[in-house]
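Before any comments, here is the structure.
The values are calculated or read from the model by the stated rules, or taken from the named source; none is laboratory data. Please read all numbers here as calculations on a predicted model, not as lab measurements. Please note: Cβ atoms are built from the backbone with ideal geometry, for glycine as well, and neighbour counts cover all protein chains shown.
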Amino acid sequence: MNDKTQAPAKGRRSAADALIKALKAFASMIPQLVGVMLLIGLFQTFVTSDMIASFFSGSILRDSIVGSLVGSISGGNPVTSYIIGGELIAKHVSLVAVTAFIVAWVTVGVIQLQIEASFLGNHFAVIRNTICFFLAIAVALANTLTLELLK
Amino acid sequence: MKKTTGKPGRGKQQKSKGGYYFLGLVLAAYLIIFFFKPGEIQQSLMKSGLLGLRLLPAFTFVILFMGLVNYLVSPQTVSKYMGRESGLKGWLLALAMGILSHGPIYIWFSFLKELRDQGMSSGRAAVFLYSRAVKIPLLPVMVYYFGLMFTIVLQCWLIIASLVLGGLIEKLDSPVEP
């Protein structure tokens, strides 16, 4: 197909058609969106900051892995992760672990993995989330090291 | 082994069924837990309902944004600015779009699918998703809890990490040649 002849035709699509296409694409997400929101509701009811604090042991490397793991399976507004992170620091959990936790919270999405896979492909979703899990640990270590150097 | 890349999702029917199965599983979990902890399930439903209400403006924004992109942007434009050959400007555009986008990550999957179908590379899509960790409106909250220096340094590392992720995904999730 000739790209040059196709482009103007696409540009002339009516605004109503474009909006209907967007609405249809979004409507196809609704069952998954409702599922994810219900899961987040369950998480926020059953998982407390005390419960999360109990996972940490004091070892920097182990705690950063645990932080990333807990952040990965958590969900909800990032502000919630900051509040929990603040409480964890008050309970003497290391900054590396808390950083890994808040970074994984916003970058890894185990709760929404199914919806991500259905829209962007299984392979993409799995490798993206796996890499992000390890990146959360790396970012946490790099961030803490940088802060130490800047002191 | 053939990878499920390039054109994500395998047919609308299968995808929509998958969504209903997922919702069915979550509802089944709610039903089972309800027998043991009915009060907590009511709380969970309230929290989920409130979350849905809070997200309504974001949903509206995403639908209008997707409509606007459908109306104004051609696959050729997406390919040029966000495709594998778009170079540095493609990475920076994906980064800026991710930082400026708002709302939860999952409401953007449909939008990204549309862009990927029109030629956006997997790496740029990953950069978009990761750079959403830089949340400009929430920076004052982060400063309040963790301090200014922590916040500044973390945002720098998040931007670097998003580009590292994009590069890795670009290599690992390259489309299968026909």
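Scanning segment B:69-93 for residues that are modelled with pLDDT of 85 or more and among the aliphatic types (A, V, I, L, M) turns up B:Leu88, B:Leu92, B:Leu93.
For segment A:106-139, a residue qualifies if it is in contact with a Lys or Arg (Cβ under 6 Å, 6 or more places away or on another chain) and either closer than 15 Å to A:Ile73 by Cα or touching a residue at least 24 places away in the same chain (Cβ under 8 Å) (or both), and the qualifying residues are A:Ser118, A:Phe119. Considering (1) in a helix (DSSP H, G or I); (2) surrounded by fewer than 23 Cβ atoms within 10 Å (Cβ to Cβ); (3) touching a Leu at 6+ places or on another chain (Cβ under 9 Å), the lone condition that A:Gly41 does not fulfil carries the number (2). Which of the residues spanning segment B:103-124 are assigned to a helix (DSSP H, G or I) and over 23 Å from A:Asn77 (Cβ atoms)? B:Lys113, B:Glu114, B:Leu115, B:Arg116, B:Asp117, B:Ser122, B:Gly123, B:Arg124, listed by residue number.
Condition (residue is assigned to a helix (DSSP H, G or I), modelled with pLDDT of 85 or more and at the interface with another protein chain (Cβ under 7 Å from one of its Cβ atoms)) applied to segment B:55-64: is it met by at least one residue? Yes, that holds for at least one residue. Look at (1) assigned to a loop (DSSP other than H, G, I, E, B); (2) at the interface with chain A (Cβ under 10 Å from one of its Cβ atoms) and you find that B:Ser174 fails only one, number (2). Which one is nearest to B:Leu100 (Cα to Cα), of the residues in segment B:113-165 that are among the hydroxyl-bearing types (Ser, Thr, Tyr) and facing another protein chain (nearest Cβ under 9 Å)? Only one residue fits best here, namely B:Tyr130.
Within segment A:86-108, the set of residues being modelled with pLDDT of 90 or more and of a type outside the set (A, V, I, L, M) comprises A:Ser94, A:Thr99, A:Phe101, A:Trp105, A:Thr107.
In segment A:29-38, what residues are surrounded by fewer than 19 Cβ atoms within 10 Å (Cβ to Cβ) and closer than 16 Å to B:Val62 by Cα? The one that is surrounded by fewer than 19 Cβ atoms within 10 Å (Cβ to Cβ) and closer than 16 Å to B:Val62 by Cα: A:Ile30.
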